[in-house]
1. Scan the range 133-152 residue by residue and report those that are in contact (Cβ under 8 Å) with a residue 40 or more places away in the chain and either at positive phi or among the aliphatic types (A, V, I, L, M) (or both).
2. Suppose we filter 151, 137 for residues that are out of contact with any Pro (no Cβ under 8 Å at 6 or more places or on another chain), modelled with pLDDT of 95 or more, surrounded by 13 or more Cβ atoms within 10 Å (Cβ to Cβ) and of a type outside the set (Asp, Glu); which single one remains?
3. Return the residues of the range 44-64 that are surrounded by fewer than 21 Cβ atoms within 10 Å (Cβ to Cβ) and among the polar types (S, T, N, Q); say none if nothing qualifies.
4. What's the number of the condition residue 155 fails, among (1) in contact (Cβ under 8 Å) with a residue 40 or more places away in the chain; (2) part of a helix (DSSP H, G or I); (3) among the β-branched types (Val, Ile, Thr); (4) within 21 Å of residue 51 (Cβ to Cβ)?
5. Which one of these is closer than 26 Å to residue 149 by Cα, surrounded by fewer than 18 Cβ atoms within 10 Å (Cβ to Cβ), in contact (Cβ under 8 Å) with a residue 12 or more places away in the chain and of a type outside the set (Asp, Glu): 36, 41, 84?
6. Does the range 169-182 contain at least one residue that is modelled with pLDDT under 95 and either buried (at least 19 other Cβ atoms within 10 Å of the Cβ) or within 19 Å of residue 40 (Cβ to Cβ) (or both)?
7. Give the range 61-89 a look and list any residue that's assigned to a loop (DSSP other than H, G, I, E, B), touching a helix residue (DSSP H, G or I) at 6+ places or on another chain (Cβ under 6 Å) and either within 21 Å of residue 153 (Cα to Cα) or of a type in the set (Gly, Ala, Ser) (or both), or say none.
8. Can you pull out the residues in the range 65-81 that are surrounded by fewer than 19 Cβ atoms within 10 Å (Cβ to Cβ) and either of a type in the set (D, E, K, R) or closer than 24 Å to residue 40 by Cβ (or both)?
Amino acid sequence: MHDMTAANLRSGYGGESMAYMRYMIWGDKAEEDGFLNVARLFRAIAYAETTHAANHFRALRDEVGPFLVPSMAGFGLGTTSQNLEGAIEGETFEIDEMYPTYLETAKQQKERAARLSFHYALSAEKIHADMYTKAKQAVEGGSDLELGPVQVCDVCGYTAEGEIPDKCPICAAKRDKFRTFG
């Protein structure tokens with residue numbers, strides 16, 4: 001594997017792993033603040049982030065050994081509204097800067113597994129940013145988010161509210177590859 005793509009996969013793995021922990025902590029805070037659906041959304045998207053991290057890890061295949069992994073990571077535990085703002089900022093960074101660059105590098109270096117992993121993550125992060133934006137609007141309006149069951153694809157991290165689709169719109173996985181947060 002090319003060094004730059006491997007470094008991008010490691011960075012993506014680190015960032016997604018930290019996003020998981022951050023979203024779990026922020027989910028606990030949302031629950032503590034009485035926003036049970038926002039808490040569930042944080043936990044569902046945290047699960048999607050583990051899918052991205054696992055895909056990046058698997059794409060590294062034979063890269064073995066210790067590596068220092070630079071990753072962008074947001075810190076801070078604030079109000080549920082502030083935490084949602086942090087989530088939106090993190091997802092937006094991945095959408096606008098991180099994943100487009102990583103994806104283009106993987107394409108140029110003909111790293112198929114990395115390209116697919118970055119494509120899956122980028123596609124799902126766009127959905128996550130929208131979901132967090134809606135949650136923030138509800139919280140700022142003084143109410144919990146109206147939220148049905150949240151479905152997360154185990155293959156790519158696609159996340160949607162409502163019924164499980166017959167097949168994932170990002171990776172075409174069958175409906176039995178979804179986990180429900182309901």
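1. Result: 135, 138, 139, 145, 147, 150, 152.
2. Values: 151 fails: out of contact with any Pro (no Cβ under 8 Å at 6 or more places or on another chain).
Exactly one of 151, 137 is out of contact with any Pro (no Cβ under 8 Å at 6 or more places or on another chain), modelled with pLDDT of 95 or more, surrounded by 13 or more Cβ atoms within 10 Å (Cβ to Cβ) and of a type outside the set (Asp, Glu), namely 137.
3. Passing the criteria: only 50.
4. (2)
5. Values: 41 fails: surrounded by fewer than 18 Cβ atoms within 10 Å (Cβ to Cβ); 84 fails: surrounded by fewer than 18 Cβ atoms within 10 Å (Cβ to Cβ).
Result: 36 is the single residue among 36, 41, 84 that is closer than 26 Å to residue 149 by Cα, surrounded by fewer than 18 Cβ atoms within 10 Å (Cβ to Cβ), in contact (Cβ under 8 Å) with a residue 12 or more places away in the chain and of a type outside the set (Asp, Glu).
6. yes
7. Across the range 61-89, the qualifying residues are 71, 73, 74.
8. Going residue by residue through the range 65-81, those that are surrounded by fewer than 19 Cβ atoms within 10 Å (Cβ to Cβ) are 65-79, 81.
The answer is 73, 74, 75, 76, 77, 78, 79, 81.
The values are calculated or read from the model by the stated rules, or taken from the named source; none is laboratory data. Predicted model only: the values in this text are computed from it and were never measured. Cβ: placed from backbone, ideal geometry, glycine included. Neighbour counts: every protein chain shown.
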